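What follows is a short report on a single structure.
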Amino acid sequence: MKEITIKLKGRDSWISVILGIYGALGAFISLSREATIDNSPDIDLESQIMLYTRTMYRSFSSNRLRTFLFALVIGILVYMVLQFSRTYKERLADLLFSLLFASGQLVAMIFKKWGGWYAMMDAMEESGVAEIQMYRIFLKWSAYVLISYFIVAAMMHFFRNFAEQQEIRGQAGRKIPPVLQILLMAVCMFVAWLPYFIYFYPGTSNEDTVIMIMEYNEIPSYIQTMSAVQADDIFITNHHPYILTLVFSWFIKLGLHFGDICIGVAAYVILQMIALSLVFAGCLYYIRTCGVTTKRMIGALLILIFLPIFPMYAICMLKDTVYATFCLIFIMMMHYVARTKGQAFRKVWFDLAMFAVACMMVLTKVYAMYILLIVGVVYLVKYRRTFAQIIASVILPVILYKVVFCGILLPALNVAPGGIQEALSVPFQQTARYVTEYGDQVTAAEKKAINKVLPYKKLAKKYNPELSDPVKKYYNQEATKQDLKNYFKVWWQMFLKHPEVYVESVLHNTYQYYDINKISSLVYYKFNDYLQLHDKEGQYTYLYVENTEEYLEQRYAINQLVLFSEKVPIVNIFASIGLWPWLFLFALLYNLKWKKKEVQALLLVPLITIAVCMVSPDNGNTRYVMPLLYTLPFLIPLELLPAKADDKKGMETAEIAEDQA
């Protein structure tokens, strides 16, 4: 039997040991432990030396086994990466990503624990360890930079190798007709999702859906007060997409027609399950035509089948489910455009399809306008020869939405527009935080200017640092342009006095979108009871939608399973909203490194979505980043394609896909 020996390089070995120890100590250091005396009366905490050394000692983790194992893993990782051959640019790119990641996690820790940097430092000042807190923060941050740097480098290397190995194995032949393949996969998904439908019959929703149904049935809610156009005969607004208000309400009417409102909800949910399963199946087949192996396609199918978050949104009567579905189709069409090097725009059927999908995007989510405009500008620069087609299929839907739909159709239908406060949630939150922290410094003139736009006396009481709704809903719809001009003048003056307040306001309202340790409810587990809670006199019992009590235990078990999925390594790739932005940023870095231009097309819309969430009115709301969730099962297999395959296939694979379609 041969003796296997491993020869380690001395210098790299010592570097690995040192960095492993440093990374483990920094990763588990506490930022909040204090130098309590315990049972040691000889410790004089008035002495700075004793206070600092005692604080540092108590800050390090006492779990020796965990620290040792973590140090060992980091050391092995460091040694392994040191053996790779990497260019200066690659190392710099990995470092920049790691600096951003570490800073994001540190911000999340501080705001989760203390609500802000200055609040943390005030707490440390009271304990007498403000100075040493800076050392602890630096150790934690630098350890995160170190760990993420070597993880990113290793992932870059092994993903590339994994993809190249797949190229050698080749592709399996196709024996089943394309249409049948799509139908079979769709049926598998639909059947696997049916138990969720049964347990949560007739379906689930959020508060917005109930309010949309109330609007259609002329039941007042606070949404009517959030539009500049108000009248006794106006109940429906475009605050929530009008087209979906109609669709949801038509199914409610269907249920009432048959004597049970739940029948209408169930009919909608069933149709949505069918539509979503067909879209997912079509996207799976599409990535197969791009070169993804059958095994990986099936792997993506199994994720869509068995990970609860996908069927739970399939059974949810939710505007974001509809938008994310159309968004996914649009993203895959963008990939097709990249594969054909823009030649897809020369196909009339493709232009019509993209036009239709783009229209549905803006009709189901207002900020989709900005996404389409950005995509359109990029396309006009990159594919100038198809200028007219790009205008018609990407830009025209935005123009029609603003001019025809919002400017002509909605007023004619007596539908009020959404309020301007939706676009002003960030400055409103900043003002509310400023008033909360520095209200004693606000002058009478500043109060007057603010009060013309927002009720000054309510701001401190209503301010929620992670949700702007309690503040922005009090926006004065009668405020004039001059009132807004005066308000923003005061807003700027306050910024100059305390800019840190404005920065902390934005961070506090968005940090959960990049906090990898964020545990979210992810999905909805019942049909929202907003109407029941606000129908004090019981006038609208016929519109109550309630889930059956029969499967209460099963629903609770699914709830716990969804939460558990966020804690399971690998699985939580699809169940952690704080991880999703980093995955897409890593994918961008990976594509730039290996020049995978076609796959880069998949990232533009998700990256814009992430940017929008950085000015989000609600911290860590899963439905705001649903396009990321829906894209991931298809992005990962495409990322694992060899880079050379993207260059080789190009028009050839696109033509095959078109012929088969």
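The values are calculated or read from the model by the stated rules, or taken from the named source; none is laboratory data. Worth saying up front: this structure is predicted, and the values here are computed from it rather than measured. Ideal geometry is used to build each Cβ from the backbone, glycine not excepted, and the neighbour counts take in all protein chains shown. With ligands, DNA and RNA removed, areas are computed over all heavy atoms of the protein, side chains included. Shrake-Rupley method; radii C 1.70, N 1.55, O 1.52, S 1.80 Å.
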Just a yes or no: is a residue in region 243-258 in contact with a strand residue (DSSP E or B) (Cβ under 8 Å, 6 or more places away or on another chain) and either over 26 Å from L328 (Cβ atoms) or open to solvent by less than 20 Å² (accessible area, probe 1.4 Å) (or both)? yes
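Every residue, every condition in (1) among the β-branched types (V, I, T); (2) under 21 Å from S16 (Cα atoms), yes or no:
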| site | (1), (2) |
| --- | --- |
| T53 | yes, no |
| F60 | no, yes |
| V73 | yes, yes |
| R86 | no, yes |
| R91 | no, yes |
| V107 | yes, no |
| F111 | no, no |
In contact with a Leu (Cβ under 7 Å, 6 or more places away or on another chain) and either part of a helix (DSSP H, G or I) or of a type in the set (V, I, T) (or both), is that true of A324? no
Quick check on region 189-208. Is at least one of its residues at pLDDT 85 or above and of a type in the set (D, E)? yes
Tell me, yes or no, whether region 199-216 has at least one residue that is farther than 17 Å from Y530 by Cα and among the hydrophobic types (A, V, I, L, M, F, W, C). yes
Would you point out the residue of region 430-473, among those that are surrounded by fewer than 18 Cβ atoms within 10 Å (Cβ to Cβ) and among the hydroxyl-bearing types (S, T, Y), that is nearest to the chain's Cα centre (by Cα)? T436
Mind telling me which of the residues K489, K485, K457 ends up being modelled with pLDDT of 95 or more, assigned to a helix (DSSP H, G or I) and in contact with a helix residue (DSSP H, G or I) (Cβ under 9 Å, 6 or more places away or on another chain)? K489
Only listed residue being in contact (Cβ under 8 Å) with a residue 24 or more places away in the chain and farther than 22 Å from L638 by Cβ, chosen from F387, F355, F345: F355
Quick check on my filter: what residues within region 537-561 are within 30 Å of the chain's Cα centre (by Cα) and part of a helix (DSSP H, G or I)? L552, E553, Q554, R555, Y556, A557, I558, N559, Q560, L561
Do any residues in region 401-419 that are under 15 Å from M226 (Cβ atoms) have Cβ atoms under 8 Å from those of residues that are at pLDDT below 95 and open to solvent by 80 Å² or more (accessible area, probe 1.4 Å), where the two are at least six apart or on different chains, and which pairs are they? A416/Q230
Wholly enclosed helices (runs of 4 or more DSSP H) of region 225-317 bearing at least 1 residues closer than 16 Å to V191 by Cβ and under 23 Å from the mean Cα position of the chain (by Cα): 261-289, 294-306, 309-314
From L363, L278, L271, L301, residue being open to solvent by 10 Å² or more (accessible area, probe 1.4 Å), modelled with pLDDT of 95 or more and more than 21 Å from T631 (Cβ to Cβ): L271
Top-ranked residue of region 95-130 - restricted to ones that are more than 20 Å from the chain's Cα centre (by Cα) and either β-branched (V, I, T) or assigned to a loop (DSSP other than H, G, I, E, B) (or both), ranked as farthest from Y511 (Cα to Cα): G128
From (1) at pLDDT below 90; (2) touching a Ser or Thr at 6+ places or on another chain (Cβ under 7 Å); (3) among the aromatic types (F, W, Y), pick out the condition that doesn't hold for Y222. (2)
Check off (1) more than 13 Å from A143 (Cβ to Cβ); (2) among the small types (G, A, S); (3) surrounded by 17 or more Cβ atoms within 10 Å (Cβ to Cβ) for A27 and give me the number that stays unchecked. (1)
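Within region 569-618, which helices (runs of 4 or more DSSP H) (wholly inside it) include 2 or more residues that are surrounded by 18 or more Cβ atoms within 10 Å (Cβ to Cβ) and modelled with pLDDT of 90 or more?
580-594, 604-613
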Failed condition for M494, given (1) in contact with a helix residue (DSSP H, G or I) (Cβ under 8 Å, 6 or more places away or on another chain); (2) modelled with pLDDT under 95: (2)
For region 335-349, state whether one or more residues are out of contact with any Lys or Arg (no Cβ under 8 Å at 6 or more places or on another chain), within 18 Å of G282 (Cα to Cα) and surrounded by fewer than 16 Cβ atoms within 10 Å (Cβ to Cβ). yes
Out of R64, R11, sole residue that is open to solvent by 40 Å² or more (accessible area, probe 1.4 Å), at pLDDT 90 or above and over 29 Å from L507 (Cβ atoms): R64
Any chance region 486-500 includes a residue that's within 24 Å of K567 (Cα to Cα) and open to solvent by less than 60 Å² (accessible area, probe 1.4 Å)? no
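Count, please, the residues in region 162-188 that happen to be in a loop (DSSP other than H, G, I, E, B) and at pLDDT 65 or above.
Here the count works out to 3.
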First in region 546-570 and over 21 Å from A300 (Cα atoms) and touching a residue at least 40 places away in the same chain (Cβ under 8 Å), second anywhere and not in a loop (DSSP other than H, G, I, E, B) and not acidic (D, E), Cβ under 6 Å, 6 or more apart: Y551/Y199; Q554/Y199; R555/Y199
Only residues that are of a type outside the set (G, A, S) and not in a helix (DSSP H, G or I): list them for region 327-365, please. T340, K341, K347, K365
